[in-house]
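Please treat every number below as a calculation from the coordinates, not as lab data. A quick note: this is a predicted structure, and the numbers were derived from the prediction, not measured. Methodologically, a virtual Cβ is constructed for each residue, glycine included, from the backbone with ideal geometry; neighbour enumeration extends over all protein chains shown.
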Amino acid sequence: MTRGQGLYEFTSDINDWLASQKVQTGLLTVFCRHTSASLLVQENADPTVQHDIKAYFSRIAPEDGPYIHNYEGSDDMPAHLKTALTQVQLSIPIVTGSLVLGTWQGVYLFEHRVRPHRREIVLHVIGE
Amino acid sequence: MTRGQGLYEFTSDINDWLASQKVQTGLLTVFCRHTSASLLVQENADPTVQHDIKAYFSRIAPEDGPYIHNYEGSDDMPAHLKTALTQVQLSIPIVTGSLVLGTWQGVYLFEHRVRPHRREIVLHVIGE
Amino acid sequence: MTRGQGLYEFTSDINDWLASQKVQTGLLTVFCRHTSASLLVQENADPTVQHDIKAYFSRIAPEDGPYIHNYEGSDDMPAHLKTALTQVQLSIPIVTGSLVLGTWQGVYLFEHRVRPHRREIVLHVIGE
């Protein structure tokens, strides 16, 4: 459940799920089942990075663009564009039971709609 | 075979191929073997979304940019940029024989060249 | 080790590593463990494409933007934005021992920081 536009880190949720799968070597795939929210790997040390990313995407995909599609409001089409500019799928190798994320990398759900939404993320692992 | 710039949905082609593979659990990877066409997961309900996406990318990667590379015409370099802004690879988990795509998600080939092109997409599955 | 902003092709390094793994059919995943450098699949024939891509991303994510986060200098936040606009993960199917890359496709590390950096890329393969 998101609380409006912004980045929501869920790296620890992924790690908890992965621990329950007892996979030592393999590939974890994260898949976001939406077209108005997406995934990002970004710095998890300084919150101003997340602020600047959110502000930047709102500048390059503004609500007042010349869009035809606006059934769900002025944040509708910008949400699709921000999803297109980022991605809905992310795969991360697993080595000795852990994701190979870098020291500063966190996995984020990037919510593009203004109002809160319930979002579904699929976690999938291949390995042994 | 594409018919100029735009989004071409091929979700049903993927599903047909997947059905022939008889994989119940696994990971499907879609790979686009080009640098001037790419892949997108986007809303498949309202065609105006596809129109707005195409128009948006032509605004942020315009044909009249200060490019050096233009051997194949004014749509050459914008095609590379649009490919860089989206992606050429997409992996989707398979659960109980079906892709975990969301209700509104379709898989599209995003053609960035003006003239028709023959495009090669590789489908690959891991699972059982 | 990168030598400032730009695209560094490492397709042959990947191919060399893959040859040592003796995998005939499978999936190779390339993962970049950073938030200020990313991965791109792009044309490897004409170097002007790489020049234009680098220049384009510096135009759409300029150093003089209204950023809050700038601890590491004016190229800090643009580096995070360029990473968000591209990707840190890439998976490529392997068929008969080779990557299914298209004729003109090369795999690049896209360095977004001005000063040289040591970068870590994880290569991971599933298959047999």
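For the protein assembly as shown, a Kirkwood hydrodynamic radius built from all Cα pairs, placed in the Stokes-Einstein relation at 25 °C and 0.890 mPa s, yields a translational diffusion coefficient of 117 µm²/s. Take B:P66, push a point 7 Å out from Cα through the beta-carbon direction, and compare it with the same point in every other copy: 2.4, 2.4 nm, smallest first. Dividing the convex hull volume of the alpha-carbon atoms in region B:1-121 by its residue count gives 99 Å³ per residue.
For region A:38-94, go through all pairs of different Cα atoms, get the mean of 1/r, take its inverse, and jot down that Kirkwood value in Å. This gives a value of 12.9 Å. Taking a sphere under 11 Å around the Cβ of B:Y56 and counting the other residues whose Cβ falls inside, with K and R at +1 and D and E at -1, yields a net charge of +3.
The mean number of Cβ atoms from other chains found within 10 Å of a Cβ in peptide C:73-84 is 4, as a whole number.
What is the extension gain from B:N70 to B:V122, computed as 0.36 nm multiplied by their sequence separation minus the C-alpha to C-alpha distance, in nm to one decimal?
15.9 nm
Stretching A:T96 away from A:W17 to a fully extended chain increases their span by 26.9 nm, per 0.36 nm per residue minus the current alpha-carbon distance. For region A:63-72, 3J(HN,Hα) computed residue by residue from phi via the Karplus equation (6.51, -1.76, 1.60; θ = phi - 60°) reads 5, 9, x, x, 9, 8, 7, 8, 3, 9 Hz, glycine and proline entered as x.
Translational diffusion coefficient of region B:71-128 (Stokes-Einstein, Kirkwood radius from Cα pairs, 10 °C, 1.306 mPa s): 112 µm²/s. The P(r) of region C:1-62 has a tail past 15 Å containing 63 percent of all C-alpha pairs.
Counting, for every residue in B:104-114, the Cβ atoms of other protein chains within 10 Å of its Cβ and taking the mean gives 1. Ranked from shortest, the separations from the 7 Å Cα-to-Cβ label point of C:W104 to its equivalents in the other copies are 3.5, 3.5 nm.
Counting only other chain Cβ atoms within 10 Å of each residue's Cβ, the peptide A:40-48 averages 5.
Distances between equivalent label points of C:W17 across the copies, with each point positioned 7 Å along Cα→Cβ, amount to 2.6, 2.6 nm, shortest listed first.
What does the charge add up to near B:C32, with Lys and Arg as +1, Asp and Glu as -1, over the other residues with Cβ less than 11 Å from its Cβ? Let's see the in-between values first.
Numbers: positive: B:R33, B:R119; negative: B:E111, B:E120.
So the environment of B:C32 carries a net charge of 0.
Counting helices only, and only those DSSP H runs with n ≥ 4, report the 222 nm mean residue ellipticity of chain B as the sum of -39,500 (n - 2.57) divided by its residues, in deg cm²/dmol to the nearest 500.
Computed ellipticity for chain B at 222 nm equals -8500 deg cm²/dmol.
Taking a sphere under 10 Å around the Cβ of C:I68 and counting the other residues whose Cβ falls inside, with K and R at +1 and D and E at -1, yields a net charge of -2.
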